[in-house]
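Take a look at the structure set out below.
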Amino acid sequence: MMRNIAVVGTGYVGLVTGVCLSDIGHHVTCIDIDEQKIQLLKQGKSPIYEPGLEELMLKNINNGRLTFTTDHQTGFHQKEVIYIAVGTPQKKDGSADLSYVHQVARDIARNIKQDVIVVTKSTVPVGTNDEIRQVIKENLVSDVQVDVVSNPEFLREGSAVQDTFHGDRIVIGADNEKAATMIEEINKPFGIPVVKTDIRSAEMIKYASNAFLATKISFINEISNICEKLGANIEDVAYGMGLDHRIGNQFLRAGIGYGGSCFPKDTKALVQMAGNVDHKFELLESVIRVNNVQQAKLVEKAKGFFGSLEGKTVAILGLAFKPNTDDMREAASVVIANMLIQEGARIKGYDPIALENAKRILGDSIEYSDNIEDVLADADIAFISTEWKEIVEFELHLYSKYMKTPIVFDGRNCYALEEVEKHDLEYHSIGRPSVY
Ligand code: NAD
């Protein structure tokens, strides 16, 4: 059955959720306080890069099921369900900053004139939905009923639309069967298995899932570090491990660590959450430490070879935190660039999509191009930090053609060693023997 829905926050999660819910037949209004974003969206332009998103957005704007506004009162008018999809960034102490979520709770309370179900998509610490319920109750201006449902989001940037239509599960945490059933029905057209549980368990499923995936990454990275020292090859080791169904082959790629807007902050928030109830989460603390060391690994390796990197011209290939996204939050490239700036190197950065966001973070401390050849021209060293298709498919003979000295530190194991060996290239990767 078609429902009237508002989605608050038009970032990676909110916009994709709003667009996909309208595509399965609901009437959706997306609300954001960022006027610029809403202006763009009204013109049918997506403020973020996400494959397939803009086309789907346009389709549903044109069929009248998807609208945008900066005004909460207009946005909430006659809505039956309101999704919260605003950011929950990390505070200085590692815990989640809930100020945006609380603000939305107040916005809801002050503007609704009908019964609603508030659905929290944002990743929030266990107990937050109880707080949301409380904040709404304290600020309500009408005599209406508000139910709160936890519905954590599992989409991945870079395949967010695909993930929304073909996700592994939809988690619905509620203490009211009617509200849970309504959210289940809204999602029915996606045809994805639903896990119904209580609110706190739903909140925890999200953190535990991200913490587990981060653990897998740090685990394989540690194995790769030992492989390097013992002369084993991590690619073969991971393949051999991944064939065991109990282990699985996903998230077993060694590299320079995880980044992005979720794993770094969610792992730290879970450590904090555990600490708040007097539990020291030893394992996850190690996962975070291993990742920090891993992100710095390529530059440390290069320093080991060259001594100082002062005055070297260095190419960074790939700036986004992973392929197919323009998101630069907590990207390994930023760690690499900052270390190289400290070293006094001249830095040139390549990315096919994320240059605008990269400039916002790194400013004019590096030069930018969306052309690999330009960035490699006259470089002494190249660091690969994102496995973009353009980099993986870059012809290996071109490194020696453009670079002053073809020395590559590959943080994502983009190339097979047998291929590298056929070319004039010095090549250092993760958990594999170097090629000279
Ligand atoms: P984002 O930073 O891309 O977008 C958040 C949006 O909310 C911004 O556009 C901001 O202007 C808007 N906003 C803030 N306060 C508002 C208010 N009071 N009213 C209306 N709009 C407001 O965030 P994101 O990456 O989409 O993440 C949102 C949440 O989803 C976070 O909790 C995150 O942890 C979680 N999550 C993110 C991903 C991901 O891959 N990005 C995946 C799963 C879960």
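The values are calculated or read from the model by the stated rules, or taken from the named source; none is laboratory data. Not measured: the values here are computed from a predicted model. A quick note on method: Cβ atoms are made from the backbone with ideal geometry, for glycine too, and the neighbour counts reach across all protein chains shown.
Below is a table of values for the structure above.
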quantity	calculated
Test result for residue 346, of a type in the set (Lys, Arg), closer than 20 Å to residue 47 by Cβ and modelled with pLDDT of 95 or more	no
The range 136-159, residues that are surrounded by 19 or more Cβ atoms within 10 Å (Cβ to Cβ) and farther than 27 Å from residue 329 by Cα	136, 146, 147, 148, 149
Residues that are touching a helix residue (DSSP H, G or I) at 6+ places or on another chain (Cβ under 7 Å) and either more than 20 Å from residue 33 (Cα to Cα) or away from the ligand (no atom under 12 Å from the Cβ) (or both), drawn from the range 60-72	60, 65, 66
Members of the range 1-24 that are of a type outside the set (Val, Ile, Thr), buried (at least 24 other Cβ atoms within 10 Å of the Cβ), more than 8 Å from the ligand (Cβ to nearest atom) and not in a helix (DSSP H, G or I)	6
Residue 213 being more than 26 Å from residue 53 (Cβ to Cβ) and either free of Cβ contacts under 8 Å to residues at least 60 places away in the same chain or surrounded by fewer than 22 Cβ atoms within 10 Å (Cβ to Cβ) (or both)	no
Whichever residue in the range 247-306 is assigned to a loop (DSSP other than H, G, I, E, B) and small (Gly, Ala, Ser) and, among such residues, is surrounded by the fewest Cβ atoms within 10 Å (Cβ to Cβ)	248
Those residues of the range 25-46 which are buried (at least 17 other Cβ atoms within 10 Å of the Cβ) and either within 13 Å of the ligand (Cβ to nearest atom) or more than 22 Å from residue 107 (Cβ to Cβ) (or both), in sequence order	29, 30, 31, 32, 33, 37, 38, 41, 46
For residue 174: the one exception among (1) crowded, with 23+ Cβ neighbours inside 10 Å; (2) free of Cβ contacts under 8 Å to residues at least 24 places away in the same chain	(2)
Which numbered condition residue 54 fails, given (1) under 20 Å from the mean Cα position of the chain (by Cα); (2) in contact (Cβ under 8 Å) with a residue 24 or more places away in the chain	(2)
Residue list for the range 75-99, restricted to those being touching a strand residue (DSSP E or B) at 6+ places or on another chain (Cβ under 9 Å), closer than 16 Å to residue 37 by Cβ and not aliphatic (A, V, I, L, M)	75
Members of the range 307-338 that are in contact with a helix residue (DSSP H, G or I) (Cβ under 9 Å, 6 or more places away or on another chain) and not in a loop (DSSP other than H, G, I, E, B)	314, 315, 316, 317, 332, 333, 334, 335, 336, 337, 338
Residue check for residue 201: at pLDDT 95 or above and under 19 Å from residue 265 (Cβ atoms)	no
Residues of the range 202-246 classified as part of a helix (DSSP H, G or I) and away from the ligand (no atom under 15 Å from the Cβ), total	25
Residues of the range 307-326 that turn out to be over 21 Å from residue 408 (Cβ atoms) and buried (at least 24 other Cβ atoms within 10 Å of the Cβ), as a count	1
Single condition residue 338 does not satisfy, out of (1) closer than 18 Å to residue 411 by Cα; (2) surrounded by 15 or more Cβ atoms within 10 Å (Cβ to Cβ); (3) at pLDDT below 95	(3)
